[in-house]
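Student: Just dropping this structure here.
The values are calculated or read from the model by the stated rules, or taken from the named source; none is laboratory data. Quick caveat, the model's predicted, so the values are computed rather than measured. Here the Cβ positions follow ideal geometry from the backbone for every residue, glycine too, while neighbour counts run over all protein chains shown.
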């Protein structure tokens, strides 16, 4: 259904379309950030595409891609045509600290969506007239949906009371017990790659979150070598 | 002769009304703002000149929380998005993961999902319309509608074990097959729903106060609604017949004969009436689904890499034990990739954009909350109306804080 739009875009923009995929029937087109608004406006205005119904703008954080030299964020636009009943997903890769042109002149609905992306990822939109935090409060520091923002960090506006004397204490503090998340992004990005869930362990292949568990394999091989070396040393002594 | 002039001059000064609009904070915990939300109003007399709607007071970090567990552990969070129709969220999320996996649920499971989902939609519309009327002083219809909503919840409780937050959806099906008396229970409740909808309409539709406060208030135009990304009853009330169930049929919705009610003006009245009519259409879908639903067969896929094997097998066979262990400890492994899957939730297009990196943990779960965009349109509905009109307009949006703020 929306393959037509992909072809239309490829015909119109040629090399500006960096990638066109069709995973599970979701048509997705990748463009460079500088063509973001141009392609979006074309999607809305061309009669064969006519994507007048704004659906969503969101982002995904890939800090590991940045370490490999790529751009850190994926920003995505989802839109839909009332007339033709087809959809398109527009994607762009944006480096950290770079600004993206705002879509608010194209669809008014992008207003809150872009504010949310700014609030959660710290991506700034150029030309947005009212770019301020929307879900979090103004005093909040950091960008919560970035992978390097720890999930258990708290920033209370009013300081927590000292609850030593009450019986409402949790059974353990935040540093004790089971880790809250299965992936410790802080460790992973620092290169130590000590994944959480120590109770589960490396052997189960659990600690790796990525599908390619090359690091886990390397660690296992290292461990095996060490064991072999230990075994070789023991009879000598 | 000079004295009166002096008096007039003084009076002029005394009666001078400041030309600046008055700024008024409404919320975040105002009794009429169900769902914690704050509105900063600029008022000229009683007329709303400008309004800044500030959501976020119920933000709990849904999307961040999803990134810390397994795919299956998202269901309890999804329940708490739109907590008056949790079954629709459950089904929406499982459909998204199933799309990523490339699997399809057996027919019986699909019908089961449709029926439970439509019951949840009826509950959602009951709540919205009932509470909306209550805020205008009509308490009786609210109580009557909620009485029947409770009976619907009785059915859901019998099926799922919980009245509200069911966590009943599973990736690849439903947690349990329908109970023995399910079809009879649902058939028995249908006349009651019809009856109470009629009764509520009888109480409200000719009530002068209700008419005055609903008709012509909170108007949204068709073009603006589309550009602002509205969906669901809010969009349909403006005259756009967009319903995901009709336009992009998912599950088995293409097998049912039902209509999409639309309004004309996009005012509170139309939103109210669209919801009332949708309850009737949902009943039509349920009746047809009950007739078509197979009485035998599985409701879930039997692949033990996706669904938990049966408990009896887990305790007796080693294969099932291993499958169970792997699913619980490592989680379901989704292929690498990203999909956007959308369903018709209680308030409109409920979308899930999910990204998997191939491990057992979701890389990113983005929910496209219909409330978010409907609420964005509230600003345009309110400007120019009176301050008292905020209550019915905001009520007719049916903003659910859990879904809007996540």
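Student: Out of all the residues in the stretch A:22-37, which are more than 9 Å from chain B (Cβ to nearest Cβ), in a strand (DSSP E or B) and either within 19 Å of the chain's Cα centre (by Cα) or buried (at least 17 other Cβ atoms within 10 Å of the Cβ) (or both)?
Tutor: Narrowing the stretch A:22-37 to residues more than 9 Å from chain B (Cβ to nearest Cβ): A:22, A:27, A:29-37.
After this cut, where a residue has to be in a strand (DSSP E or B) as well, the list is A:22, A:27, A:29-31.
Once the filter is applied, which keeps residues that are more than 9 Å from chain B (Cβ to nearest Cβ), in a strand (DSSP E or B) and either within 19 Å of the chain's Cα centre (by Cα) or buried (at least 17 other Cβ atoms within 10 Å of the Cβ) (or both), the stretch A:22-37 yields A:27, A:29, A:30, A:31.
Student: Under 28 Å from the mean Cα position of the chain (by Cα) and in contact (Cβ under 8 Å) with a residue 60 or more places away in the chain: is that true of residue B:298 in this structure? Steps first, please.
Tutor: Numbers: under 28 Å from the mean Cα position of the chain (by Cα): no; in contact (Cβ under 8 Å) with a residue 60 or more places away in the chain: yes.
Criteria not met by residue B:298.
Student: Within the stretch B:113-136, can you find the residues that are part of a helix (DSSP H, G or I), in contact (Cβ under 8 Å) with a residue 24 or more places away in the chain and over 25 Å from residue B:288 (Cβ atoms)?
Tutor: Once the filter is applied, which keeps residues that are part of a helix (DSSP H, G or I), in contact (Cβ under 8 Å) with a residue 24 or more places away in the chain and over 25 Å from residue B:288 (Cβ atoms), the stretch B:113-136 yields B:130, B:131, B:132, B:133, B:135.
Student: Taking the criterion of being on the phi > 0 side of the Ramachandran plot and more than 14 Å from every other protein chain (Cβ to nearest Cβ), would at least one residue in the stretch B:52-70 satisfy it?
Tutor: Keep residues of the stretch B:52-70 that are on the phi > 0 side of the Ramachandran plot, which gives B:56, B:61.
After this cut, where a residue has to be more than 14 Å from every other protein chain (Cβ to nearest Cβ) as well, the list is none.
Looking for residues that are on the phi > 0 side of the Ramachandran plot and more than 14 Å from every other protein chain (Cβ to nearest Cβ), one finds none in the stretch B:52-70, hence no.
Student: Let me ask something additional. Looking only at the stretch B:224-247, filter to residues that are at the interface with another protein chain (Cβ under 7 Å from one of its Cβ atoms) and assigned to a loop (DSSP other than H, G, I, E, B); which one of those is farthest from residue B:346 (Cα to Cα)?
Tutor: Ranking the qualifying residues of the stretch B:224-247, first place goes to B:228.
Student: State yes or no: is residue A:180 at pLDDT below 75 and closer than 27 Å to residue B:401 by Cα? Spell out how you get there, then give the answer.
Tutor: Numbers: at pLDDT below 75: yes; closer than 27 Å to residue B:401 by Cα: yes.
So residue A:180 passes the test.
Student: Quick one: residue B:120 ticks every box in (1) surrounded by fewer than 24 Cβ atoms within 10 Å (Cβ to Cβ); (2) under 21 Å from residue B:189 (Cβ atoms); (3) in contact with a helix residue (DSSP H, G or I) (Cβ under 9 Å, 6 or more places away or on another chain) bar one, so which box is it?
Tutor: All conditions are met except number (1).
Student: Working only within the stretch B:208-223, note down all residues that are within 14 Å of chain A (Cβ to nearest Cβ) and either in a helix (DSSP H, G or I) or more than 19 Å from residue B:128 (Cα to Cα) (or both). Let's see the steps before the verdict.
Tutor: Our first condition is that a residue be within 14 Å of chain A (Cβ to nearest Cβ); within the stretch B:208-223, this holds for B:220-223.
Within the stretch B:208-223, B:221, B:222, B:223 qualify.
Student: Something else now. So which of B:246, B:206 ends up being out of contact with any helix residue (DSSP H, G or I) (no Cβ under 7 Å at 6 or more places or on another chain), free of Cβ contacts under 8 Å to residues at least 60 places away in the same chain and more than 18 Å from residue A:53 (Cβ to Cβ)?
Tutor: Numbers: B:246 fails: more than 18 Å from residue A:53 (Cβ to Cβ).
Exactly one residue qualifies, and that residue is B:206.
Student: Then there's this: Of all the helices (runs of 4 or more DSSP H) wholly in the stretch B:309-377, which have at least 2 residues that are without any contact (Cβ under 8 Å) to a residue 40 or more places away in the chain, within 11 Å of chain A (Cβ to nearest Cβ) and over 31 Å from the mean Cα position of the chain (by Cα)? Walk me through how you get there before you give the answer.
Tutor: Values: elements: B:311-316, B:318-329, B:370-376.
In the stretch B:309-377, the matching helices (runs of 4 or more DSSP H) lie at B:318-329.
Student: In the set B:82, B:89, which member is assigned to a loop (DSSP other than H, G, I, E, B), away from chain A (no Cβ under 14 Å) and in contact with a strand residue (DSSP E or B) (Cβ under 9 Å, 6 or more places away or on another chain)?
Tutor: Working: B:89 fails: assigned to a loop (DSSP other than H, G, I, E, B).
When all the criteria are applied, what remains is B:82.
Student: Inspect the stretch B:191-206 for any residue being over 22 Å from the mean Cα position of the chain (by Cα), outside any helix (DSSP H, G or I) and under 19 Å from residue B:266 (Cβ atoms) and give the result as yes or no.
Tutor: Yes, the conditions are met somewhere in the stretch B:191-206.
For every residue, the table says whether it meets (1) in contact (Cβ under 8 Å) with a residue 60 or more places away in the chain; (2) more than 22 Å from the chain's Cα centre (by Cα); (3) surrounded by 15 or more Cβ atoms within 10 Å (Cβ to Cβ).
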residue	(1), (2), (3)
A:39	no, yes, yes
A:49	no, yes, yes
A:58	no, no, yes
A:66	no, no, yes
A:76	no, no, yes
A:103	yes, no, yes
A:107	yes, yes, yes
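Student: Only one of B:301, B:262 is in contact with a strand residue (DSSP E or B) (Cβ under 7 Å, 6 or more places away or on another chain), on the phi < 0 side of the Ramachandran plot and surrounded by 18 or more Cβ atoms within 10 Å (Cβ to Cβ); which? Full working, then the answer.
Tutor: Values: B:262 fails: in contact with a strand residue (DSSP E or B) (Cβ under 7 Å, 6 or more places away or on another chain).
It is B:301.
Student: Identify the residue in the stretch B:248-259 that is crowded, with 17+ Cβ neighbours inside 10 Å and under 19 Å from residue A:79 (Cα atoms) and, among all such residues, is nearest to the other protein chains (Cβ to nearest Cβ). Quick ask: steps written out before the conclusion?
Tutor: Of all residues in the stretch B:248-259, those crowded, with 17+ Cβ neighbours inside 10 Å come to B:248, B:250-253, B:256, B:258.
Among the residues that remain, those that are also under 19 Å from residue A:79 (Cα atoms) are: B:248, B:250.
Values: B:248: 7, B:250: 12 Å.
Residue satisfying both the conditions and the ranking: B:248.
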